[in-house]
1. Tell me yes or no: at least one residue of the stretch 101-112 is among the β-branched types (Val, Ile, Thr) and either assigned to a loop (DSSP other than H, G, I, E, B) or at pLDDT below 70 (or both).
2. State yes or no: is Met130 open to solvent by 10 Å² or more (accessible area, probe 1.4 Å), under 28 Å from Ala81 (Cβ atoms), at pLDDT 65 or above and in a helix (DSSP H, G or I)?
3. Tell me whether the stretch 61-81 contains one or more residues that are assigned to a loop (DSSP other than H, G, I, E, B), modelled with pLDDT of 65 or more and crowded, with 24+ Cβ neighbours inside 10 Å.
4. Quick test of your reading of the structure: Pro84 fulfils all but one of (1) over 30 Å from Val167 (Cα atoms); (2) under 16 Å from the mean Cα position of the chain (by Cα). Name the failing condition by number.
5. Being at pLDDT below 85, over 18 Å from Phe34 (Cβ atoms) and touching a Ser or Thr at 6+ places or on another chain (Cβ under 6 Å): is that true of Ala164 here?
6. For Thr50, all conditions in the list (1) touching a helix residue (DSSP H, G or I) at 6+ places or on another chain (Cβ under 7 Å); (2) farther than 17 Å from Ala155 by Cβ; (3) at pLDDT below 80 hold save one; what is the number of the exception?
7. Quick one: would you say Val158 is modelled with pLDDT under 80 and either out of contact with any Asp or Glu (no Cβ under 6 Å at 6 or more places or on another chain) or more than 15 Å from Asp31 (Cα to Cα) (or both)?
8. How about the stretch 113-127: which of its residues are in a helix (DSSP H, G or I), open to solvent by 20 Å² or more (accessible area, probe 1.4 Å) and hydrophobic (A, V, I, L, M, F, W, C)?
Amino acid sequence: MDYFYAIQDWVIAAGGSPWALVAVLVLCILDGFFPPLPSESIVIALAALTVTSDGPNVVLLWAVASIGAFLGDQVAYSIGARIPVKKIPFLNRGTGARAYAKAGSFLLTHGPVFIMAARFVPIGRIAVNMGAGATGYRRSTFSIVDSISAMLWAAYSVAVGVGAAHVLEGHPLLSMALGIVSGVILGYLISHLITVLQKKFFPARYVEAERAAQEWAHDHIEGGADSPGTSHL
């Protein structure tokens, strides 16, 4: 991960330079389908710098992050629609395979809210967006929902950076770490809330989704018998 920290340090050093925004755009796009590049950390760190006037314009940062996130998700959708998932290493075994299996089944019944919740979970959003493409989820609907979730995700990341900078003034890396942790926790809570509501108000559909997840794993993922129904995004 040394290369990532090198990129991160360069972007933070760029601060208010236009190149920092270019880097945010590229990293947000790549993060949509390449999990080793968590764009949240970059957006949060630069947002923290805006408090001391060392970072880019906060509105421009939000806009660029939103556009990059949206484009990255669209690439993930296209990959899912065109490339067999068994050729994607991190989605054909273990946690990635189970996340993909769950995504495929939930998309068929609760697509919009699932897409929005997954945007806050780094690997989860890739699994869901690729799953949307693989299952034939309507692209027009996906794009509308994704545009909203991308803007909310960018606004949240910027808000965490700015807020943390006020509380943790002079410690941008600590602000960044706080933002990443809180983002993952938020994504988990939203996902857990969806599961609870499904069990309470749509028990039959929840059981159907669990069964569909198992079938999806067996049909599309190598080693899918590895209890996909026990994993929750």
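The values are calculated or read from the model by the stated rules, or taken from the named source; none is laboratory data. Just so we're clear, the structure is a prediction, and the values are computed from it rather than from any experiment. We place every Cβ from the backbone using ideal geometry, glycine too, and count neighbours over all the protein chains shown. Surface accessibility is based on the protein's heavy atoms, side chains included, excluding ligands, DNA and RNA. Shrake-Rupley method; radii C 1.70, N 1.55, O 1.52, S 1.80 Å.
1. Here is the first cut: in the stretch 101-112, the residues among the β-branched types (Val, Ile, Thr) are 109.
Those still in the list that are either assigned to a loop (DSSP other than H, G, I, E, B) or at pLDDT below 70 (or both) too: 109.
Taking every residue of the stretch 101-112 in turn, at least one turns out to be among the β-branched types (Val, Ile, Thr) and either assigned to a loop (DSSP other than H, G, I, E, B) or at pLDDT below 70 (or both).
2. Working: open to solvent by 10 Å² or more (accessible area, probe 1.4 Å): no; under 28 Å from Ala81 (Cβ atoms): yes; at pLDDT 65 or above: yes; in a helix (DSSP H, G or I): yes.
So Met130 fails the test.
3. Residues of the stretch 61-81 assigned to a loop (DSSP other than H, G, I, E, B): none.
No, the stretch 61-81 has no match at all.
4. (2)
5. Numbers: at pLDDT below 85: yes; over 18 Å from Phe34 (Cβ atoms): yes; touching a Ser or Thr at 6+ places or on another chain (Cβ under 6 Å): yes.
Judged against the criteria, Ala164 is a match.
6. (2)
7. Numbers: modelled with pLDDT under 80: no; either out of contact with any Asp or Glu (no Cβ under 6 Å at 6 or more places or on another chain) or more than 15 Å from Asp31 (Cα to Cα) (or both): yes.
Criteria not met by Val158.
8. The answer is Val113, Met116, Ile123.
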